[in-house]
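Only the coordinates and a few stated rules stand behind these numbers; no lab work does. It should be emphasised that the depicted structure is a prediction, and the values quoted were computed from it without experimental measurement. Using ideal geometry, Cβ is built from the backbone for each residue, glycine included, and neighbour counts are taken over all protein chains shown.
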Amino acid sequence: MSTLTPEPIPAVMVDDVEPDRPARPRYDDGSGTPGRRRRRAMGTAGIGSRPGFLTYGLLAAFIIGGAYPLWWSVVVGSGTNATRGETLPLIPGGNFFVNASKVLDAIPFWLALGNSIIISAVITISVVTFSTLAGYAFAKLRFRGRDGLMVFVIATMAIPTQLGIIPLFMVMRELGWTGTIGAVIVPTLVTAFGVFFMRQYLVDVIPDELIEAARVDGANQIRTFFNVALPAARPAMAILGLFTFMMAWTDYLWPLIVLSPTNPTLQTALSQLQSGYYVDYSVVLTGAILATVPLLVLFIVAGKQLISGIMQGAVKG
Amino acid sequence: MTTTIRPPASGTPTPQRRAAASEPLTFRQRLSRFDVKASPYFYVSPFFILFALVGLFPLIYTLVVSMHEWDLLKGQGPFVGFENFVEILGDSMFWNSIGNTISIFLLSSIPQLTIALIVAYLLDQGLRAPTFWRMSVLLPYIVTPVAVAIIFSSAFNEADGLVNNLLNVFGIADQQWKHDTFLSHVAIATMVNFRWTGYNALILLAAMQSVPRDLYESAAIDGAGAVRRFFSITIPSIRPTLIFVIITATIGGLQIFAEPRLFDVSTAGGIGGSDRQFQTTVLFMWELAFFRRDFGEAAAVAWLLFLLIVAFGLVNFLISRRIATGGDRPNRRTRRARERATRGGAA
């Protein structure tokens, strides 16, 4: 993983830099620049040309391929079990609320939703807090053993900790925690990725002079952390929080093992819908839709941050 | 707030400071020094303590469990050395699960990366409303694996599922998506691809955007076509990211659980098919531990899978490094294009 050296991302992408002309900024939304300049020479294929119909067409096909299974679930979920037999159903029926109430009867939906929210929120707060603290120390403070410990963090990032579930289950049973949401929360209170992510972000973003200045002004270490590091770390904390929340929310294996069907998370409850011999798929798919709504809301609110997080993570490594 | 004035670590000491150094330190100075020295450890210790408890200890203790007879209910039995490993390595169901895992992994990662590369390339064309396109591409990522498994398990239903219905339109007969080994692997790989292709496309897009545009232009002037530019400039330039994506796909792909567990639950009981035709290794481990109650053997499977993941990660790393350095000796045209680009940038 050490080959993935961080590269700085230019805030403004530079177009075709020519020696006699200053760099033009990228007008990503195509607004604000009138005339031919809008049709900037961009892109890897069309040098000097705008992306054509083929580009948009292929992308649209890809997106429809990704969205149709979801739409299909909505259509079937709002119809009856017979809707599923149709070849390419496109129009939703009027049965959604009937099916939804069947879902609420079959599984403890609200309990599961509450559990999932509590679990994901606590894990997110914990991971973000501890990762920011440790990431700041690794990025900006000098201490004996720093480099060795950082190598350890990077090495553990590649280890699938999922494989430790058997001893983890034994410990939880010994403590009498099985069946409680605490057992789901505790194993994910910290992640090596979080520390690495915050460290990579903070190492560039806080100037050493700022920390030095705080020190000269007489701020002690913890005060420096709160007044200098924390404000600078906020964007990265938001992104890390978003991803941690997603990870905790989607986890299935560990909650399935450690929780009972009477006190489930949304994911384990959803999987129970399918376990009967006779499966009413319109009800099952309604459940899938209901379980997707919370993340859809999150996506609508914070989709841009999610995207910039994925794209920064790529370059940052 | 100015409570302490600490001298900087280095630099020529002024007479004033020398005088201060010869005096014994005040309590505040001592406190401040302690603060500077100890604080970093306080900051990193929560992570290391928690990680040791919930990450490292279970992984190592798995080794201990794997060397004992160990029942889910009866608990620890006698020490048996590597007997569990021998047992597992001689178990055809273990090898079946490994074969399934690798097959599903290949069926998902290769098409997924290919399509992600294409989508990233399309997104890198300077589209209008890029945020709209990026968000649309990412949409499947917010559907949780369990929901994806449920949706596709229904769509791949053999009797009247969406996929067979569509195939019928083209005159193709119903396929046995849940009973045929290969087809079930295709179906499960489809679920993985559905969720991750757009995500990986965005990662690759970010890397593509940091490739200097003038590189492409010079190559175009030299007469390199779009395909040529893609393979000779884009791919080598995004190499580190490509390796990163491949390694992450490996670590995740070899641990697939939710999809096979929930594919065809009603007839196969969630252990990976009536004939275990799509039982992955994590699913096999789960069955061993919680159905057959054999923690010892399940722990052995966990360690073997761990070794497999590490091995695969390394192999992938080496292969992808070679592939990506296919342009290691760039042909004259690209090399010239690059040179020109650097000269142009310097001028």
Quick note, chain B: a/c under 1.5 would make it rounded; otherwise a/b > b/c is prolate and the rest oblate (a ≥ b ≥ c, C-alpha gyration tensor); here it is oblate
Virtual spin-label span in nm between A:ASP208 and A:ALA61, 7 Å along Cα→Cβ: 5.4
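How much space per residue, in cubic angstrom, does the convex hull of the C-alpha atoms of the stretch A:198-317 take up?
149
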Relative contact order in percent for chain B (Cα pairs under 8 Å, 6+ apart) equals 24
Cβ crowding within 10 Å averaged over residues, with B:280-290, B:47-57, B:164-174, B:230-240 ranked highest first: B:280-290, B:230-240, B:47-57, B:164-174
In nm, to one decimal, how far is the B:LEU89 label point from the A:MET247 one, both placed 7 Å along Cα→Cβ? 3.3
Within the set of other residues whose C-beta is less than 12 Å from the C-beta of A:LEU253, count the net charge using Lys and Arg as +1 and Asp and Glu as -1. -1
With Cβ to Cβ distances under 10 Å as the rule, what net charge do the other residues near A:VAL283 carry (K, R +1; D, E -1)? -1
For B:GLU217, B:GLU87, what ranking results if the residue with the fewest other Cβ atoms within 10 Å of its Cβ goes first? B:GLU87, B:GLU217
What FRET efficiency comes out for A:ALA155 versus A:ALA106 if R0 is 51 angstrom and r is the Cβ-Cβ distance? Round to the nearest 0.05. 0.70
Virtual spin-label span in nm between B:ALA129 and B:PHE42, 7 Å along Cα→Cβ: 5.2
Distance-filtered residues of the stretch B:74-101 - backbone nitrogen under 18 Å, label point 7 angstrom along B:ARG293 Cα→Cβ: B:74-78
Taking every alpha carbon pair in the stretch B:129-176 and sorting the distances into 5 angstrom bins from 0 up to the bin holding the longest one, the percent per bin comes out as 5, 20, 17, 14, 13, 16, 11, 4, 1
Taking 25 Å as R0, compute the FRET efficiency from the Cβ-Cβ separation of A:PHE143 and B:ILE60 and round it to 0.05. 0.45
Exposure-ranked with fewest Cβ neighbours within 10 Å first, B:SER39, B:SER92 stand as B:SER92, B:SER39
Using the Kyte-Doolittle scale, find the helices of chain B whose mean hydropathy is at least -0.5 and whose Cα atoms extend 24 Å or more along the helix's long axis, counting only whole DSSP H runs. B:27-51, B:92-123, B:181-209, B:295-324
Considering the convex hull of the alpha carbon atoms of the stretch B:48-203, report its projected area averaged over all viewing directions, in nm², one decimal. 15.0
Would you pull out the residues with amide H under 5 Å of B:TRP70's amide H, same chain only if 5 or more places away, H placed 1.01 Å from N? B:GLY77, B:PHE295, B:GLY296, B:GLU297
Fewest-first ranking of B:VAL186, B:VAL227, B:VAL64, A:VAL284, using other Cβ atoms within 10 Å as the exposure measure: B:VAL227, B:VAL64, B:VAL186, A:VAL284
Run the numbers on the stretch B:136-234 and let me know its relative contact order in percent, using alpha-carbon pairs under 8 Å that are six or more apart. 26
If you line up the Cα atoms of the stretch A:53-94 on their principal axes, what length do they span on each, largest first, in Å? 38, 15, 12
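Using only atoms on other chains, find how many Cβ atoms lie within 10 Å of each Cβ of peptide B:212-219 and report the average.
5
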With the 8 Å Cα cutoff and a minimum separation of six or more residues, the stretch A:105-316 has a relative contact order in percent of 35
Go through the stretch A:236-309 and name the chymotrypsin sites (Phe, Trp or Tyr not before Pro) that are in a DSSP coil and have 16 or fewer other Cβ atoms within 10 Å of their Cβ. A:TYR277, A:TYR278
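Partner chain Cβ atoms within 10 Å, averaged over the residues of A:284-290 - can you pull that number for me?
Values: counts 4, 5, 0, 3, 9, 4, 1.
For this peptide, the per-residue mean of nearby foreign Cβ atoms is 4.
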Please work out the Cα center distance from the stretch B:141-207 to the stretch A:233-252, rounded to the nearest Å. 27
